[in-house]
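S.K.: Please find one structure pasted underneath; my questions will follow.
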Amino acid sequence: MTRIRWIQIALAGAGVALGVLAYRVQIDNLPNTTSLRSVGSVAAAWSFLLAGLVAWARRAPNRLGPLMIATSFALLARQFRYSHDGLVFTVFFLVGELGWALFAHVTFAYPFGRVADRLERVFLWIAYVVAIAFPLAILLVYEGTERLRYVDPFPRDNLLLVFESARAVDLLQDAFGFVAYGVLGTVFVVLVLRKFLHASPRARRVYLPLLIAAVAAALWAVLNGILTFATTPPAIVYDLFWWQVLSLIALPLAMLWGLLRARLARVHVGELVVHLEETPVDGLRDEIALALEDPTLELGLWLPERREYVDAAGTALAVPDDDGDRAVTLLEHEGAPLAVLVHDPTLRDEPKLVEAVAAAARLALVNARLHAEVRAQLETVQESRARIVTAADEERRRIERDLHDGAQQRLVALALELRSAQRHIGENGDTEVQRLLSSTADELQVAVEELRELAQGIHPGILTQGGLAHALEALAARAPLQVSVDATAERFSPEVEATAYFVACEALTNTVKHADASKASIGARRENELLVIEVADDGRGGATQGGGSGLRGLTDRVEARGGRLVVESVPGSGTRVRGEIPCAS
């Protein structure tokens, strides 16, 4: 066995022996006590000893175990102040109140073995000073025959007596009762509740034993206050005593359970490995959060090409500083960053649990990162497609303006000049030349109309000026079959309107070319955050979404806007093309 283990065994033996002696001292020297009450006092101290030894053995780096053992010895030593031996009385009356200061120390040090809060550290300094200063001051003026609180009036030697003053002894005991049981007891309960209420959800579960400490401290303050200031204690004192004993026994055992929960959790990590194999990527964060008992946990997956952490959906995750509010644990795979866990700071003191869960989840995290990479790449592709479609629409509008303002206007001017020449020649009589000029002017007018139609097909100006509804009505008017239009007059963004318009154009073109239809309909309406464009005909049906480049191109255009295109075409029952385009403002 190691040296530490021998020390632990020795402390266990010493604690048991000291408890037996403390029991005998109470039975032999404390008035009005009973064997059962003495056993209760010793059992409360032994519960700290047991919990401290187990905690020290299981979590050696944590100083809470030794603190619990020290508290146990201090509570047992407190009973020796009832001794009639002068030396024993003097020594243990002087240090007897340290047990309660150590009790407060254990409470504030739970579960990490250290006291981090400044107010709690100040409180402990005051508690230790009060626990020593007041008993010392009493001993300096206590003659040894008058009654002390808790101590029978049996004469005893006080080895620290400087001068006798029964009045000073009473005043000091009253002052100690007010400061220790009234002020410090109340402040302790307030600090415990403050620690619990200000904690994170995970920390509150860890801090549940602190509520037991608050109850024990409140009972201790009330019980000792009554015994300090009441000449004849009421019967309720004995009920309070047993509630105090029960809370003192429950506190270290609850703390021990809290300390060992992480160890028990690591035992079940093997089950987590199997469970994660069946967990979808989107649920990985929830499973890790459940294993670590931290609902606030955030999971970020490292994307090397973007050099940033993203969540399972591929969205960038901002990693905070590893400060007091949030803790950050970086995970690696084959020497390279794999993931980051942003979690409750209470997990800093449970690195083995975090490491065990991370090891169990490593394969799933690798798969999740691949999934996030695909999602991120898909998002990038979608953004790229949207930019391409937007650029194409802008180019269409530019070409339409150039044709309208350039070539089309010049051809119109040339036609006017030919008409003018025709009239001039007609006045001078040359019939053949007049006929040629008239024919040329007519052909030029046809060319202008064809050019205007071409410009409209590239990007109709009416779409920009009048909106989608007017553009669809103009489209229906030019169609060689009966087309009804039912379109909302609401205006949408230029990109959304252009996408809907070209869906209608391509679908109507397919109807004219391939459907052998007698009539068609065009509908456009808003459905929540979508603009729905539908084109239906009564043709032969049988069209497929991937059957031609036109519909494939429309599908790409609509999906580039984050929407979808659906083609319903049953042979003999016509065709319905439905486009759903996001239009949230």
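S.K.: For the condition more than 13 Å from Trp302 (Cβ to Cβ), out of contact with any Pro (no Cβ under 7 Å at 6 or more places or on another chain), modelled with pLDDT under 70 and not aliphatic (A, V, I, L, M), what is the one hit in Glu350, Glu379, Glu373?
M.R.: One residue alone meets the criteria, Glu379.
S.K.: Filter the range 482-522 down to the residues that are within 45 Å of the chain's Cα centre (by Cα) and among the β-branched types (Val, Ile, Thr), then identify the one that is farthest from Gly572 (Cα to Cα).
M.R.: It comes out as Val496.
S.K.: All but one of (1) in contact with a helix residue (DSSP H, G or I) (Cβ under 6 Å, 6 or more places away or on another chain); (2) part of a helix (DSSP H, G or I); (3) farther than 14 Å from Ala131 by Cα hold for Phe176; which doesn't?
M.R.: (3)
S.K.: A further question follows. Scan Val106, Val141, Val122, Val91 and give me the residue that is free of Cβ contacts under 8 Å to residues at least 60 places away in the same chain and under 30 Å from Met255 (Cα atoms). Reasoning before the result, please.
M.R.: Details: Val106 fails: free of Cβ contacts under 8 Å to residues at least 60 places away in the same chain; Val141 fails: under 30 Å from Met255 (Cα atoms); Val91 fails: under 30 Å from Met255 (Cα atoms).
Val122 is the lone residue from the list that is free of Cβ contacts under 8 Å to residues at least 60 places away in the same chain and under 30 Å from Met255 (Cα atoms).
S.K.: Continuing with the same structure: Do we find a residue being in contact (Cβ under 8 Å) with a residue 40 or more places away in the chain and either in contact with a strand residue (DSSP E or B) (Cβ under 7 Å, 6 or more places away or on another chain) or in the same structural domain as Val566 (by TED's automatic domain parsing) (or both) anywhere in the range 484-492? Walk me through how you get there before you give the answer.
M.R.: Restricting attention to the range 484-492, the residues satisfying the condition of being in contact (Cβ under 8 Å) with a residue 40 or more places away in the chain are 492.
Then keep just the ones that are either in contact with a strand residue (DSSP E or B) (Cβ under 7 Å, 6 or more places away or on another chain) or in the same structural domain as Val566 (by TED's automatic domain parsing) (or both); that gives 492.
Among the residues of the range 484-492, at least one is in contact (Cβ under 8 Å) with a residue 40 or more places away in the chain and either in contact with a strand residue (DSSP E or B) (Cβ under 7 Å, 6 or more places away or on another chain) or in the same structural domain as Val566 (by TED's automatic domain parsing) (or both), which makes the answer yes.
S.K.: Right, Tyr150: among the hydroxyl-bearing types (Ser, Thr, Tyr) and at pLDDT 85 or above or not? Spell out the reasoning first.
M.R.: Working: among the hydroxyl-bearing types (Ser, Thr, Tyr): yes; at pLDDT 85 or above: no.
No; evaluated as a whole, the condition is false for this residue.
S.K.: When the range 152-173 is examined, which residues are found to be surrounded by 14 or more Cβ atoms within 10 Å (Cβ to Cβ), over 60 Å from the mean Cα position of the chain (by Cα) and within 13 Å of Ala137 (Cβ to Cβ)?
M.R.: Within the range 152-173, Asn158, Leu161, Ser165 meet the criteria.
S.K.: Among the residues of the range 569-580, is any at pLDDT below 90, among the small types (Gly, Ala, Ser) and surrounded by fewer than 19 Cβ atoms within 10 Å (Cβ to Cβ)?
M.R.: Yes, the conditions are met somewhere in the range 569-580.
S.K.: Residue check, Asp157 against (1) over 20 Å from Ala74 (Cα atoms); (2) free of Cβ contacts under 8 Å to residues at least 60 places away in the same chain, all met but one. Which one?
M.R.: (2)
S.K.: Among residues belonging to the range 24-65 that are outside any helix (DSSP H, G or I) and surrounded by fewer than 14 Cβ atoms within 10 Å (Cβ to Cβ), point out the one that is modelled with the lowest pLDDT.
M.R.: Of everything passing the filter in the range 24-65, Ala60 is modelled with the lowest pLDDT.
S.K.: So how many residues does the range 68-88 have that are in contact with a strand residue (DSSP E or B) (Cβ under 8 Å, 6 or more places away or on another chain) and in a loop (DSSP other than H, G, I, E, B)?
M.R.: 0
S.K.: Kindly indicate which of Phe73, Phe48 is under 18 Å from Tyr110 (Cβ atoms), aromatic (Phe, Trp, Tyr) and in contact (Cβ under 8 Å) with a residue 40 or more places away in the chain.
M.R.: Details: Phe73 fails: under 18 Å from Tyr110 (Cβ atoms).
Exactly one residue qualifies, and that residue is Phe48.
S.K.: Restricting to the range 180-203, and then to whatever is in a helix (DSSP H, G or I) and not hydrophobic (A, V, I, L, M, F, W, C), can you tell me which residue is modelled with the highest pLDDT?
M.R.: Arg194
S.K.: What number of residues within the range 97-135 are surrounded by fewer than 18 Cβ atoms within 10 Å (Cβ to Cβ) and hydroxyl-bearing (Ser, Thr, Tyr)?
M.R.: Residues flagged as surrounded by fewer than 18 Cβ atoms within 10 Å (Cβ to Cβ) and hydroxyl-bearing (Ser, Thr, Tyr) within the range 97-135 amount to 1.
The values are calculated or read from the model by the stated rules, or taken from the named source; none is laboratory data. Worth saying up front: this structure is predicted, and the values here are computed from it rather than measured. Note that we place each Cβ from the backbone using ideal geometry, even for glycine, and neighbour counts take in every protein chain shown.
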